[in-house]
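Following: one structure in structure tokens, then a few remarks.
Where a number appears in this text, it was derived from the coordinates with a stated rule and is not lab data. Worth saying up front: this structure is predicted, and the values here are computed from it rather than measured. Quick reminder, even Gly has a Cβ in these numbers, built from the backbone with ideal geometry, and neighbours come from all protein chains shown.
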Amino acid sequence: MANFTQADLDGIRNVLDKGGSYTMLLDADDMKMSDDVVEALGETLHTGFEMKPTSIIYSDATASEILRLADGWTAVPVRVYRAGGKILYKKLSDGRFEASIVI
């Protein structure tokens, strides 16, 4: 589960409320991917990629249930993509991921 700093929480809220961008770091555990996904991403794993959530998040009932049950990072993509934004990820040399939220 993502360990958000107060700056992260404020940055995410600000982007959701006003638009713009915010970049934060995620632990490798927050971005678990199968070997097939890692292979398919190839070099973009380290240069930048987007992992769009399934379209089911645009169902109000489903989104409400996800947000009710979500912990840590799980809720962020739902909120960002429903707001018309996107998240770009990049794996760093230390194993963490940079996540850039843009709305």
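For M33 and S59, compute 0.36 nm times the residue count separating them, minus their Cα-Cα distance, and round to one decimal in nm.
6.9 nm
Calculate the all-directions average of the projected area of the chain's alpha-carbon convex hull, and give it in nm².
Over all viewing directions, the chain projects a mean Cα-hull area of 6.6 nm².
Quick check for me: using +1 on Lys/Arg Cβ and -1 on Asp/Glu Cβ, what's the dipole size of the chain about its Cα centre, in debye to the nearest 20?
So the magnitude is around 420 debye.
Per residue of the stretch 47-57, in order, report the coupling 6.51 cos²θ - 1.76 cosθ + 1.60 (Karplus, θ = phi - 60°) as ³J(HN,Hα) in whole Hz, putting x for Gly and Pro.
9, x, 8, 10, 10, 5, x, 4, 5, 5, 5
Over the chain, how many pairs of lysines fall under 18 Å by alpha carbon, counting only those 8 or more apart in sequence or from different chains?
7
Can you give the local net charge around D17? Use residues other than it whose beta-carbon is closer than 14 angstrom to its beta-carbon, Lys and Arg +1, Asp and Glu -1.
Once positives and negatives cancel, what remains is +3.
Stretch S100-H46 to full length: gain in nm at 0.36 nm per residue minus the Cα-Cα span?
18.1 nm
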